[in-house]
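Here the structure is laid out as structure tokens; the discussion comes afterwards.
We did not get these values from a lab; they are worked out from the coordinates using the rules stated. Please read these numbers as outputs of a predicted model, since none were measured by experiment. Heads up, the Cβs are rebuilt from the backbone with ideal geometry, glycines too, and the neighbour counts pull from every protein chain shown.
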Amino acid sequence: MNQLSNKVQGIIYIGLCIFLWSLIPVFAKFAQTSLDHYQYLFFSSVISFFSLLSVSIYNKKTNELFSYSVKTLIALFLLGFLDFFYYLLLYFGYKEANGLEVLVIQYTWPIFIVLLSLVLLNESLNKNKITSLILGFIAVFLIITKGDISSIDFTNIKVIMYVIIGSFAFALFSVLSKKIKVNLTNAITIFFLTAIIYSYISMSVFSSFVWPSSQEWIYILINGIFLNGISYLFWIKALQKADASFIAPFIFITPILSSIFLILFFDETIYMIYFFALFLIILSGIVNSLKVKRN
């Protein structure tokens with residue numbers, strides 16, 4: 001009964017996370033009019049850090065930040081780097097390549113999660129999970145290509161490889177975060193503190209400091225507080241409540257919502273193939289929830 005309750009809680013947390021993450025492409029598209037990906041990541045990280053720090057202060061957990069061992073802090077800083085690295089390469093991809101092309105490559109990380117979970121978390125992999133992942137990936141592929149493979153341009157191989165590396169980094173971050181035993185809010189606060197440090201260094205070396213406009217600040221605040229801030233609480237909480245390989249297939253709902261939001265905000269064309277992809281997403285969730293018969 002408790003296991004069932006944990007799964008239900010995990011689905012609720014991942015549902016909230018999916019909604020917030022589905023808005024990331026929209027706000028990234030709005031905000032990066034004059035800012036480059038180094039600057040956008042830096043300011044978003046600053047806002048995310050202070051929003052999570054506020055939550056930690058509200059929960060009266062900040063004292064614990066000074067009680068962690070050096071080993072624990074090193075582990076948190078390394079995880080923070082993986083998270084920073086993912087978004088740096090992701091924003092770079094959205095800046096340099098076709099957005100839909102980057103979106104489909106970005107969502108290879110749930111597949112990496114399942115594979116890494118086998119090695120690092122010793123989680124079991126059954127035929128239902130494999131089938132669910134395949135269905136989910138097909139749905140994402142149909143959304144991006146609109147049923148026509150020629151609509152994706154893979155000529156920019158260098159950028160695509162960067163996005164794949166970033167996706168692997170985020171999968172590794174997600175799986176290793178499951179091993180973190182410290183307070184959740186404090187852990188994510190440290191993640192964003194490290195992101196500030198890493199993004200400031202990368203911005204100083206490869207770009208320059210530019211103060212955002214008032215309109216860009218609106219997008220940065222929403223992105224920093226909710227899309228890349230509070231959403232992490234939901235994500236890691238979901239990983240704590242259920243197996244990573246169980247949670248991963250639900251992530252394929254995110255690009256479906258992202259596509260809908262892009263259509264609404266940027267007046268993109270609606271294709272009937274979207275409805276078939278949505279059917280595959282629902283089927284993926286049903287297959288993933290089925291129990292496997294044991295001899």
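Annotation for Leu221 and Phe19: the two label points, set 7 Å from Cα along the Cα-Cβ direction, are 2.1 nm apart. Ranking of Leu176, Leu90 by neighbouring Cβ atoms within 10 Å, starting from the fewest: Leu176, Leu90. Residue-wise HN-Hα couplings along region 39-44, as the Karplus relation 6.51 cos²θ - 1.76 cosθ + 1.60 with θ = phi - 60° gives them from phi, are 5, 4, 5, 4, 5, 5 Hz; Gly and Pro carry x. Shown for Ile188, Ile164, Ile143: other C-beta atoms within 10 Å of each C-beta, ranked fewest to most, produce the order Ile164, Ile143, Ile188. Fewest neighbouring Cβ atoms within 10 Å first, the residues Met203, Met272, Met161 line up as Met272, Met161, Met203. Stretched out straight at 0.36 nm per residue, the stretch from Ser213 to Ile134 would grow longer than its current Cα-Cα span by 24.2 nm. Once the Cβ-Cβ distance of Phe265 and Ser54 is raised to the sixth power relative to R0 = 35 Å, the FRET efficiency obtained is 0.75. In the chain, the ratio of gyration radius to Kirkwood radius, Rg to Rh, stands at 0.96 when only Cα atoms are counted. Hey, what's the Cα Rg ratio for region 1-118 versus the globular rule of thumb, 2.2 N^0.38 Å? My calculation over the Cα atoms of region 1-118 gives 1.28.
Each residue of region 48-64 was assigned a 3J(HN,Hα) from its phi angle through the Karplus curve 6.51 cos²θ - 1.76 cosθ + 1.60 (θ = phi - 60°); the sequence is 4, 4, 5, 5, 6, 5, 4, 5, 5, 5, 4, 7, 6, 10, 5, 4, 5 Hz, with glycine and proline shown as x. Taking a quarter of the surface of the Cα convex hull of region 58-208 gives a mean projected area of 11.7 nm².
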